[in-house]
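The values are calculated or read from the model by the stated rules, or taken from the named source; none is laboratory data. Since this is a predicted model, take the numbers as computed values, not measurements. With ideal geometry, Cβ positions are generated from the backbone for all residues, glycine too; neighbour counts draw on all protein chains shown.
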Protein chains: 2
Amino acid sequence: MLRLDQATPAQLRELEVSLNEQYQSFQQQGLNLDLTRGKPNSEQLDLSDQLDGILKGNYSDRNGTDLRNYGGLDGIPEAKELFSQMAGVRPEEVMIGGNGSLELMHFSVETGLQNGFNGEDSAWNKEEQTIKFLAPVPGYDRHFTVCTHLGIELIPVATDENGPDMDQVEQLLKADSSIKGIWCVPRFSNPTGIVYSDEVVDRMAQLGKIAGPNFRIFWDNAYAVHTLEDSAPELANIMDACRQYGTEDSVIIFGSSSKITYAGAGVAFIASSPSNIAALVKNLIPVSIGPDKLNQLRHVYFLKDLDTIKQHMKKHAAILKPRFEIVYKTLREGLSDTGMGTWNEPRGGYFVAFDSLPGLAREIVKLAAEAGVKLTPAGATFPYGNDPQDTNIRLAPTFPSLVDIEKAMEIFVTCVQLASVRQKLAA
Amino acid sequence: MLRLDQATPAQLRELEVSLNEQYQSFQQQGLNLDLTRGKPNSEQLDLSDQLDGILKGNYSDRNGTDLRNYGGLDGIPEAKELFSQMAGVRPEEVMIGGNGSLELMHFSVETGLQNGFNGEDSAWNKEEQTIKFLAPVPGYDRHFTVCTHLGIELIPVATDENGPDMDQVEQLLKADSSIKGIWCVPRFSNPTGIVYSDEVVDRMAQLGKIAGPNFRIFWDNAYAVHTLEDSAPELANIMDACRQYGTEDSVIIFGSSSKITYAGAGVAFIASSPSNIAALVKNLIPVSIGPDKLNQLRHVYFLKDLDTIKQHMKKHAAILKPRFEIVYKTLREGLSDTGMGTWNEPRGGYFVAFDSLPGLAREIVKLAAEAGVKLTPAGATFPYGNDPQDTNIRLAPTFPSLVDIEKAMEIFVTCVQLASVRQKLAA
């Protein structure tokens, strides 16, 4: 492939003709491919099929509590212990929820907004100002939706390969007391796949000192153990860092087994300071009779401890790695050194983020759709769907088959090339 | 036992002495009995122990959807069909939730308050007035807590053996447009055990015409199939009545399998008009990745259809009926024709409500506690804990053993007698 900035107009015109032909041949195939779905494939789900039936008549936790009955708002002791290992915190810093961490995130933001983490007077909506959250971009659209659903405004913050731009984060927090939260996916970030550097984690742990007692970091560590290989970059332990600075109350960690066992029938949890956990449990009393404790026990029997979880994740990696490698190979072969876009090659998580030339993301998504490849809508990774440069496209290669990913990526690359060449010709 | 109004002062004094002796002998036994817990006993929970392992490798619904994965906010088709039979509605009028109906109730009230059932402008909190709900009393404290948690004021409404006083309900609704809801437990009401009469159900179905399009009946049919015997009174179908009056939007029915299968790991559902269901599902999108669909499938395999549910409930009845009969027997033997209190003898549900002489409920609960019998706090069955007559005491006989219930009820009756005699003597 040509380098865009070194191509002559004649070369570009020639290339456009051949790309157009290729594109039209894809269109004629009437394909129906989908790279939008950040969910496990069925081979992955099969890995956890021991869950149903694993109880074998055991229905009590180690305290003798009958888990079939009501109660236990904060989860069973064994599950707290298990997931505390995954979160890198103490068991008493964990509460276990139902089958989805999104619900726990929504509930936590709502608690901060309406009930307060430090008593009623600390509720954010007691303040006479619009509440705001920082949204490192590109980010996860469902985080943004939690905020817009609750009337919270989002301020985008730049990110690079180390995580959010911490200078910008600190400046914004110093300047504006209405900012009460920041969304983070610190390991294998959705969608860029980056892992926050040790320095970023350390500066995050100090934000509580800058932003005051009512600020919270919403640390969605959704891909905590979701590596493609052993050498994948590690994430520093934020709670350990917070303990150094006395800012344990400033961070709320979320996690789940959704992409470890079953996406729809896993176990989600919150890890935070005992004070935050107490505020959350208190606010749960009017809402819930307690989560499904039997499913917690199933997970304890199946996942056992962090080592067992890591062994289990290697099976996921064996299924997922070839899918990611196809994406990387196709991108490299079609776009390396062309000046038509950039991307990361994460060693874990569920996504690859591609950045096109400015102003082309929407066009590429549209071209792909018309050739039978569904992509996440351009802009979806930004608050209010507004990607100011119109560059970011999220690719989700976990769910389709290898053959489908290969085909879809071939078409995607052609669309990037075609859109880039056309833009250059029109310039 | 004496009739209180026919006893001479001398007889009363003599009786007080012997009751005192009896009471003190109970105190000396150092008992620790509990009639507060409206939850199934372990023998009942055992009835559903086929659930874990029932899937036997089947993870798809009848549309071929893999239920282990994300999605399906409104539940699987088979579960809608199953619970629509229980709710007496059409399958398309059902959405399936997680393991608790309380969460669905809280969510529904929140939807009315913050998002509206008829578009954003219909949200109750758009109105410049404090929102109110009617609370038939005595009622269920967790209903009241949902409202107080969301800043909704409660107006008590009288009930009798036919249900809420519908004259009062209609008058209140005509007079005050800030009343947006009413709580109902229409069959084997918590705590009185009464079943709403056909006339009450019919007038309920017409409230939508009086109160306008933003009013909702929160119809918590928690004990829909929870009978102690075949001859238990039936409840008229409210949705059928609503169809006659064109008020299908005015009622939201709640139910669950919590007291059919597992209290902590059952399946809860909402039944309402397609328009209400659509509003609820829309409001669920920012909050949830969908309920645990595998547990829905487990319940479909286990409970099958309404006939199978009814057969299953007979097994519960066999366990529960002797417990209720002890309560009734002890009350009759100790308090019939004494003028010391009244009670219903429900043929289903989880509770018996006892009404003492005015001003004695707190005293009786206190006396019982001091003799080792824990009762639900007096006042708990009224909004804000305020039972104006101080008469209502909720008895929950499902969880303790037969022996414990017998002992607890013997002590309870003694406490009622003692408090009543003392009150009479002091008058």
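Some observations on this one:
- Residue selected from the range B:275-329 under the condition buried (at least 21 other Cβ atoms within 10 Å of the Cβ) and of a type in the set (S, T, N, Q), by the criterion farthest from the other protein chains (Cβ to nearest Cβ): B:Asn276
- Among the residues of the range A:262-274, those identified as more than 14 Å from chain B (Cβ to nearest Cβ) and buried (at least 24 other Cβ atoms within 10 Å of the Cβ) are A:Phe269, A:Ile270, A:Ala271, A:Ser272.
- Lone unmet requirement of (1) within 26 Å of B:Val195 (Cα to Cα); (2) touching a residue at least 60 places away in the same chain (Cβ under 8 Å); (3) touching a helix residue (DSSP H, G or I) at 6+ places or on another chain (Cβ under 8 Å) for B:Met313: (3)
- Checking B:Leu113 against (1) in contact with a Phe, Trp or Tyr (Cβ under 8 Å, 6 or more places away or on another chain); (2) buried (at least 20 other Cβ atoms within 10 Å of the Cβ); (3) aliphatic (A, V, I, L, M), the condition it does not meet: (2)
- The set of residues in the range A:364-410 that are under 25 Å from A:Lys132 (Cα atoms), assigned to a helix (DSSP H, G or I) and of a type outside the set (Ser, Thr, Tyr) comprises A:Pro383, A:Gly385.
- Test result for A:Ile252, modelled with pLDDT of 95 or more and within 14 Å of chain B (Cβ to nearest Cβ): no
- Annotation note: of B:Ser258, B:Ser231, the sole residue that is within 19 Å of B:Asp74 (Cα to Cα) and assigned by TED's automatic domain parsing to the domain that holds B:Arg187 is B:Ser258.
- Selection within the range A:21-80: residues that are within 27 Å of the chain's Cα centre (by Cα) and small (Gly, Ala, Ser). The member of this set that is farthest from the other protein chains (Cβ to nearest Cβ) is A:Ala79.
- Against the test of being touching a His at 6+ places or on another chain (Cβ under 9 Å) and acidic (Asp, Glu), the options B:Asp230, B:Asp220 yield a single qualifying residue, B:Asp220.
- Scanning the range B:1-42 for residues that are basic (Lys, Arg) and assigned to a helix (DSSP H, G or I) turns up just one, B:Arg13.
- Count - residues of the range B:386-427 that are modelled with pLDDT under 95 and buried (at least 18 other Cβ atoms within 10 Å of the Cβ): 0
- Taking the criterion of being under 10 Å from A:Val416 (Cβ atoms), outside any helix (DSSP H, G or I) and of a type in the set (Gly, Ala, Ser), the residues of the range A:326-363 that qualify are A:Gly341, A:Ser356.
Listed here are the residues, each with its yes/no results for (1) in contact (Cβ under 8 Å) with a residue 24 or more places away in the chain; (2) within 20 Å of B:Leu280 (Cα to Cα); (3) buried (at least 19 other Cβ atoms within 10 Å of the Cβ).
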residue: B:Gln50; (1), (2), (3): yes, no, no
residue: B:Gly53; (1), (2), (3): no, no, no
residue: B:Asn58; (1), (2), (3): yes, no, no
residue: B:Asn63; (1), (2), (3): no, no, no
residue: B:Gly75; (1), (2), (3): yes, yes, yes
residue: B:Ala79; (1), (2), (3): yes, yes, yes
residue: B:Arg90; (1), (2), (3): no, yes, no
residue: B:Ile96; (1), (2), (3): yes, yes, yes
residue: B:Gly100; (1), (2), (3): yes, yes, yes
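- Residue list for the range B:151-176, restricted to those being β-branched (Val, Ile, Thr) and not in a helix (DSSP H, G or I): B:Ile152, B:Ile155, B:Val157, B:Thr159
- Here B:Cys147 qualifies as within 25 Å of A:Gln114 (Cβ to Cβ), surrounded by 21 or more Cβ atoms within 10 Å (Cβ to Cβ) and in the same structural domain as B:His226 (by TED's automatic domain parsing).
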